[in-house]
Amino acid sequence: MTDLSLLLCLLLAHVLADFFFQPTAWVQARASQHWRAAALYYHSLLHFGLTLAVLSLWHWLSWSSLSAWLLLGSALLIAVSHCLIDVAKSYRPGFRYFLLDQLLHVLVIALVWLALTDTTLAQLLALAHHHALSPNGLLLVLAYLLVLKPASVVIGFILNQIATPATGAGSGLPAAGHWIGMMERVLVLTLILVGQYGGVGFVIAAKSVLRFSDLRNANDRALTEYILLGSLLSLGLTLLLGIGVVQLLG
């Protein structure tokens, strides 16, 4: 097992323990009882067992010279830190704190992995510099950024030049169309970059089917033309950008 395999296995153990092997009742108990919840310690013990199993397998397959006590201490460090981070998270519900919680867990795992392997922080930074800061990497980042906010601004500017249809009582969620459009463009751009143009057609067909009943019931030609124009602008801009990026990438 290589060093990179070890890191991936540690992350896999974290995902399994945090999302697949953690019952909803444990999450609810931690949210209501905080550090007093027994489920919190069951959950941390599960992380400890899975992490120790991964480290033991890596030690056996790679003929590592590290002591068993060091592996045991590393698994214990990950489990204890996980417990403390989860306690702090239980006092701060919300999506942003969930993201921070997961980021801290991954950071601890990465630091333990760096301490156990021959990989240095300088090597990781050099690898990130080689891939993320290469012209191709920067071009991809720029392309995805462009299909998000800048594309939304351009589409909104064009649509504002025509009369916006009034929405009735049956209108959807606020700003839902904005988010749907951004996710649609990201998906279409990804399909273009990997050469799956058939998938782009599937996305267009799926969106058309979902919109068909709404437009038919609305019986409003202005609304139909407005939505059709917005969809074509969104897909057209993404197609042009995607094809251009593919050509630049060679």
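The values are calculated or read from the model by the stated rules, or taken from the named source; none is laboratory data. Because the structure is a prediction, the values reported are computed rather than measured. Cβ sites come from the backbone with ideal geometry, for glycine too, and all protein chains shown count toward neighbours. These area figures cover heavy atoms from the full protein model, side chains too; ligands, DNA and RNA do not enter into them. Shrake-Rupley method; radii C 1.70, N 1.55, O 1.52, S 1.80 Å.
Here are the numbers for the structure shown:
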{"item": "Under the Karplus curve 6.51 cos²θ - 1.76 cosθ + 1.60, θ = phi - 60°, whole-Hz ³J(HN,Hα) for the stretch 71-77, x wherever Gly or Pro sits", "result": "5, 4, x, 5, 5, 5, 4"}
{"item": "Cα lying deepest toward the dipole's positive end in the chain, options Gly244, Val154, Phe202, charges on Cβ", "result": "Val154"}
{"item": "Peptides ranked, highest mean first, by Cβ atoms within 10 Å: ranges 183-189, 143-149", "result": "183-189, 143-149"}
{"item": "With Cα atoms, 0 to 90° folded angle of helix 197-218 axis to the chain main axis", "result": "60"}
{"item": "Calculated FRET efficiency for the pair Ala206/Ile243, C-beta based, R₀ 35 Å, to 0.05", "result": "0.95"}
{"item": "Length added when fully stretched, Leu8-Lys149, from 0.36 nm per residue minus Cα-Cα", "result": "47.5 nm"}
{"item": "Computed magnitude of the charge dipole of the stretch 29-160 (debye, nearest 20; Cβ of K, R +1, Cβ of D, E -1)", "result": "440"}
{"item": "Heavy-atom accessible area per residue - the chain, 1.4 Å, Å²", "result": "63"}
{"item": "Ordering of 49-55, 66-72, 94-100 by packing [mean C-beta count within 10 Å, highest first]", "result": "49-55, 66-72, 94-100"}
{"item": "Cα-centred dipole magnitude for the chain, charges only on beta-carbon of K, R (+1) and D, E (-1), debye, nearest 20", "result": "480"}
{"item": "Relative contact order of the stretch 1-91, pairs being alpha-carbon contacts under 8 Å that are 6 or more residues apart, as %", "result": "36"}
{"item": "Dipole of the stretch 1-113, positive end: most advanced residue of Ala110, Ser44, Thr2 [Cβ charges, Cα centre]", "result": "Ser44"}
{"item": "Normalised alpha carbon radius of gyration of the stretch 30-154 [divisor 2.2 N^0.38 Å]", "result": "1.41"}
{"item": "Ellipticity estimate at 222 nm from DSSP helix runs (n ≥ 4, -39,500 (n - 2.57)) divided over the chain, nearest 500", "result": "-26500 deg cm²/dmol"}
{"item": "Tilt relative to the chain, helix 176-193 - C-alpha long axis, 0 to 90 degrees, to 10", "result": "70"}
{"item": "Extension gain, His178 back to Val106 (0.36 nm per residue minus Cα-Cα distance, nm)", "result": "22.8 nm"}
{"item": "Structure-derived Rg and Dmax of the Cα atoms in Å - corresponding label in [x] 24.5, 74; [y] 18.4, 57; [z] 56.0, 183", "result": "[x]"}
{"item": "Surface share of carbon and sulfur [accessible, 1.4 angstrom probe, percent] for the stretch 42-161", "result": "77"}
{"item": "Degrees between helix 38-61 axis and first principal axis of the chain (Cα, 0 to 90, nearest 10)", "result": "80"}
